[in-house]
Every structure is written in C-alpha cells, then in structure tokens.
Amino acid sequence: MKPSDKGDRVVDFLQRHPVASFAALERQLKVSRRTVRRALAKHGYYSSCNANGAFVTLRETPRFTQEGLWVYRKSCFSSHGTLLQTIVALVETSPVGKTLAELQEQLCTRVHNQVSWLLQAEKLSRAYSGRHVVYLSCDAARAAAQQRQRQESVRPEDAGAARIATSATPCPEGMRAETVIRVLVQMIAMPQASPASLAKKLQAQGLAIQAEQVRRVIEFYALEKKTAR
C-alpha cells in the first residue's frame, strides 16, 4: 500500500531511491518544496555539500568513509555539514594537508572560491610543497607537522630541487630558499622554457618573481639553460 500522507511519500521515495534532487521530488510526487523540506526535517536527512545542496538523502542511507564523505553518482554528502565546514574538516584531519586538486577530486566540485574565503577568514593556512600549494590547519603547530609530513613524501625530482636550495650552498643574495626551490622545481617541469616564461608561470601560481631573479638562480647554481627556439 502506498503511503497516503505527503510527507510519508517523500520518505518512501527516498527509501527506494538513495538520492534525489528537491526538484525531482517535487515533480515526481507533485508536492511543494515546503512539504519536501518539512518531511525531510522530521525524518532526518543530508543535503549534498556540492551542487549547491540540490540533492538529498535520508540520514540512514550514507555509508561515510573515514573522512566523513559519501559520493553517489557525483553527488557528495558530508557528515561534517556544509561545503565550507567539510573543507576545513578534511584539511584539519589530514596528516599532510590538502591540495586544491585533492579537495576538488574528493568533493566532486570546484572549491577555489571557498578555499580563498577560508584563507581570508583565517580558517586555513597554506604553504608550498614542490610545485603545489598545500592547504593546512590554521593552528601553527599542526600546520608545521602537516607540512613536514608532506615534504617527506615529496616526489624525488622535487626533493632534489629542495636539497640544492637548502644545502650548505647559500641562496642567491636577497632571495628566500622557498622561492629558489620553486624556481628549480619549475625548471625541472619546463626544461626548455626561458627565464621570462618560467617567471610568468610562477607568477600565475601566486609567486612574486621576475625573469631577472630566475636568471640569477640559473647563474648562481651554474645551471645550463637551453631554451626552445
């Protein structure tokens, strides 16, 4: 027997279909958005942390991972709450922090704007690991531990560049080791690029650097630079 109460029909539908959008529930059951929300609130539910919360599932349906996520056909649900809350939780609980690509892969959505807001609100911090920006805890001690562990797992070619810049040989005058490391790593990634091209690429990644500084790094370490013709 089909449920007669409109609210019961909403719950029954989601018991037979793990995930549905608000629009689909309204259309299939011929009920209002208000009825759907009231029924879900009474029963308990999760709304997706991606797709602007357009998808819903009953509270008992998700099988969350250790990180508190459940993905069903690109709809991502989080035990942490909203997308912003989830990003903070994922970063805080990760032993190595999270890159933007890692967050977006897990959450099935772009999170650039959200991460920028969290940085401005001092809910997250960030650092560089090789060629990547890594988002870390806002707690300084926790962030330092995350950064150390991330660096321990850095790829061999990135680690090689780091060793060059942080060895006993000093850095070019007036340049920070972190900046030099990023120049060297970018040189590995773009072996035929000119100093100007390298500087432009690094600027796009948020590093304040000029072509002349790139040339100084090349000259300082006596690196042969063969540019593309």
Could you work out how far apart the two model spin labels at ALA23 and ALA144 are, taking each label as a point 7 Å from the Cα in the direction of the beta carbon, and quote it in nm?
5.0 nm
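Keeping the other protein chains in place, figure out the carbon and sulfur percent of the accessible area of the chain, with a 1.4 Å probe. Let's see the in-between values first.
On the way: 6650 of 13440 Å².
Ligands and nucleic acids excluded, carbon and sulfur give 50 percent.
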Specify the residue with the greatest mean-square fluctuation among LYS123, LYS74, LYS42, computed from a Gaussian network of the chain linking alpha-carbon atoms under 10 Å apart.
LYS42
Whole-Å semi-axes of the range 82-134's equivalent ellipsoid, largest first, each the root of 5 times a Cα gyration tensor eigenvalue?
15, 13, 11
Please name whichever of THR179, VAL56, CYS108 sits farthest to the positive end of the charge dipole of the chain, dipole taken about the Cα centre and charges placed at Cβ: Lys and Arg +1, Asp and Glu -1.
VAL56
So what is the accessible area of the chain per residue, in Å², with the probe set to 1.4 Å?
59 Å²
Would you mind putting 48-59, 20-31 in packing order, based on average other-beta-carbon counts within 10 Å, highest first?
48-59, 20-31
Determine which residues of the range 12-43 fall in the zone a paramagnetic label at THR82 would reach in this model, i.e. backbone nitrogen under 19 Å from the point 7 Å along Cα→Cβ.
41
Reviewing (i) 24.3, 82; (ii) 17.2, 52; (iii) 19.5, 69, the figure for Rg and Dmax of the Cα atoms in Å actually calculated from this model sits under (i)
Give me the distance in nm between label points sitting 7 Å out from Cα along the Cα-to-Cβ direction at MET190 and GLN104, one decimal.
1.9 nm
Counting other Cβ atoms within 10 Å, keep those with at most 16, restrict to DSSP loop, and tell me which GluC sites (Glu not before Pro) in the range 93-132 are left.
GLU122
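Let's see if you can work this out: charge +1 on each Lys and Arg Cβ, -1 on each Asp and Glu Cβ, no other charges. What is the dipole magnitude of the chain about its Cα centre, in debye to the nearest 20?
Working: 34 positive and 19 negative charges, 200 e Å.
The dipole magnitude comes to about 960 debye.
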Output needed: percent of Cα pairs per 5 Å distance bin for the range 1-134, bins running from 0 to the one holding the longest distance.
2, 10, 20, 19, 15, 12, 9, 7, 4, 2, 1, 0, 0
Report the extension gain between ARG176 and GLN15 in nm, rounded to one decimal, defined as 0.36 nm multiplied by the number of residues separating them, less their alpha carbon distance.
52.2 nm
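The values are calculated or read from the model by the stated rules, or taken from the named source; none is laboratory data. It should be emphasised that the depicted structure is a prediction, and the values quoted were computed from it without experimental measurement. Backbone-built Cβ (ideal geometry, glycine too); neighbour counts: all protein chains shown. Note: areas computed on protein heavy atoms with side chains; ligands, DNA, RNA excluded. Shrake-Rupley method; radii C 1.70, N 1.55, O 1.52, S 1.80 Å.
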